[in-house]
1. Express the Stokes-Einstein translational diffusion coefficient of region B:82-240 in µm² s⁻¹, to the nearest whole number, given a Kirkwood radius over alpha-carbon pairs, 4 °C and a viscosity of 1.567 mPa s.
2. In what sequence, highest mean first, do A:202-212, B:128-138 appear when ranked by Cβ atoms within 10 angstrom?
3. Calculate the dipole size of region A:1-119 relative to its Cα centre from +1 charges on Lys and Arg beta carbons and -1 charges on Asp and Glu beta carbons; express the result in debye to the nearest 20.
4. Can you pull out the trypsin sites (Lys or Arg not before Pro) in region A:26-57 that DSSP calls coil and that have at most 11 other Cβ atoms within 10 Å?
5. How big is the convex hull of the Cα atoms of region A:1-100, per residue, in Å³?
6. Which of these, A:172, A:230, A:143, has the largest mean-square fluctuation under a Gaussian network model of chain A (Cα springs below 10 Å)?
7. DSSP loop (so not H, G, I, E, B), at most 10 other Cβ within 10 Å: list which trypsin sites (Lys or Arg not before Pro) in region A:225-312 pass both filters.
8. Quick check: net charge around residue B:246, other residues with Cβ under 9 Å of its Cβ, Lys/Arg +1 and Asp/Glu -1?
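Every number here is computed from the coordinates shown, using simple stated rules; none is lab data. This one's a predicted model, so the numbers in the text were calculated from it and none came from an experiment. Here Cβ is always computed from backbone atoms with ideal geometry, including for glycine, and neighbour counts include all displayed protein chains.
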Protein chains: 2
Amino acid sequence: MDINAVIASYRAKINRHLESFLANKVEEAARISPYVRDLVANAKEYTLRGGKRLRPIFFIYGYKCLSAGNEEAIIEAAISIELMQSYLLIHDDIMDEDELRRGKPTFHALYKEICEREFGHAKSDRFGENMAIITGDLLESYGEEVLASADFDAQYVRKALCKYLQVVRNVGYGQILDVLSERRGHITTDDVLRIHKLKTASYTIEGPLQIGAILGGAEEEDLDVMRDYGIPLGIAFQIQDDILGMFGDKNKIGKPVGSDIREGKKTLLILYALEHSNADERRFIQKKLGNRLTEDEMQMIRDIVIRTGSLDYSIGLVNANIEKAKRAMENSKFRTEAKEFLIKICDFIARREY
Amino acid sequence: MDINAVIASYRAKINRHLESFLANKVEEAARISPYVRDLVANAKEYTLRGGKRLRPIFFIYGYKCLSAGNEEAIIEAAISIELMQSYLLIHDDIMDEDELRRGKPTFHALYKEICEREFGHAKSDRFGENMAIITGDLLESYGEEVLASADFDAQYVRKALCKYLQVVRNVGYGQILDVLSERRGHITTDDVLRIHKLKTASYTIEGPLQIGAILGGAEEEDLDVMRDYGIPLGIAFQIQDDILGMFGDKNKIGKPVGSDIREGKKTLLILYALEHSNADERRFIQKKLGNRLTEDEMQMIRDIVIRTGSLDYSIGLVNANIEKAKRAMENSKFRTEAKEFLIKICDFIARREY
């Protein structure tokens, strides 16, 4: 199995379904007013900008763990999780005051620009954020609509929706802690790992796998295996994300390197470095958290993260969690093709550069 | 039938179900962290602050139009629409920068205060809005969870959810036009009526009625009757709201009189007055739109609204729409008790003072 080819092939199919679903929504909006049509068209562009589509791929493979049935219907249902992702990103970008997403303006930044062009500069921030709040809300409802009308047994759909909504809730709870962590003085590595578990692990891997599996008729014990695989893999995914955010290539990751630090995010990488650095280093990092960095300052922080062993600690955690995930999948009774894919994708995630 | 007694009795039952559902959510949140528990407890307090509970009552009576079945289950399902309402209000308050809701701080204002008390004044606006965005998102998912797990046939539930999500979308589309209308120079009475149709009419009356009816096994033609009844009644409801917002009693409506003008909202009342006033009056209203008003200035605007015939025009529209709604219901084949209630509630809505 060439995992890159499998991923690329599903990604293309998912993008086609997303494209077609959102084109219908643009038409729906056009029946309301040209302005609403433009906004939904912008939401479509935002959603189709790129993205690895790993979440819908996990959704599809959750289903394939149990069933070889309806491939078209499961791809269509899987775009629900990508619409959720799009909604979460739009709202997250407001909260983080980010201006770039996948190399282009975030949604609120786009509508701030539009406001300034069409209505002037007064309260253009407010206008941009308002349009982005509404657009996120719309995308949340689109995602649920896709799932509610999925071509599967109504009992399975109902159960899948309950799981989907549980994921939305967990992400919300995690996000509360995340916003809070930027304000609080004392945050421990345990706190950060809990946020990762609620936010990323639940909606990146465990959630999509389980929702797809439910549509394939999964029982409780199947969902437990997906949890034992999905949670560690999700944590590995998030830590890898933090590493890329500091050591990655801006052009590959689609956002400025160091934006976590500018936002005051206490990632595991930063926390461990703070806990193991000397007084000067600690003072330097504390001063920079929440502020813009020059390239030199960024390099100094990278050096501290390396010197304190924080980078090695994070890489070690990634590897340990990847092993844990693989073991859970190897011991499962799922269908062979899906199992093989889900084991191989662990290394793909650990080695990714974007 | 004593309609006030019926409303009061259902309101108490709805509040009990809401109280109990949200108490469970507070417990769920407590298992995550004390801070998340506090936030969900605040969302519970916000939701239970008051409110007429007309939406869930319409939901229940939509069901009762077709079925006399499961009273407890339909009341439980009906709280979904009140949770949607709570989510929409929290996000609306952010967009409108309102500070009071039902006589107490809006959600973002509450979390701004909490931030200032716990973490200082820096970016306390941002903190408050972030917590309010997340809380709205959580309440949206709570509402859908209630419906997804409602104790009805899975096919009906799936169809009810699709309708519920359609309502969320329509409100979103209406809200886009609403935010836009505060910026645009040229807004016509037609534009305003379209926003009312999308925002209020769809989610205040038509939507709740139809969702409840679907759970009772409604066919397409039943939903059409509910549309013909719900849309005019919803428009009447909104215009009455605008009238109360300018001529009502602050203590009864739970927000400052004139807040629509401060927010620059071009209500029908204001638009008609603008279209029929002399140059001095027009200039005065234009200058005041989007600004705080003294009590004297508010009185001057009221005088213009009366002199131009705008108040009479709005009252006329309320009455005409009420008659239209009643006729649609009288011609229907729904169950007698429900029909009688839905006809009587039209006058209740036209005469309400809060």
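1. Details: Rh = 17.2 Å.
Translational D for this selection: 75 µm²/s.
2. On the way: A:202-212: 28.1, B:128-138: 25.5.
Per-residue mean Cβ counts within 10 Å order the peptides as A:202-212, B:128-138.
3. Working: 17 positive and 19 negative charges, 81 e Å.
Charge dipole of region A:1-119: 380 debye, to the nearest 20.
4. A:31
5. On the way: hull volume 11.1 nm³, N = 100.
Roughly 111 Å³ of hull volume per residue.
6. A:172
7. Values: sites: A:227, A:250, A:252, A:262, A:265, A:266, A:282, A:283, A:287, A:288, A:292, A:302, A:307; in loops: A:265, A:266, A:292.
Answer in residue order: no site qualifies.
8. Numbers: positive: B:302; negative: B:242, B:260.
Once all neighbours under 9 Å are counted, the net charge is -1.
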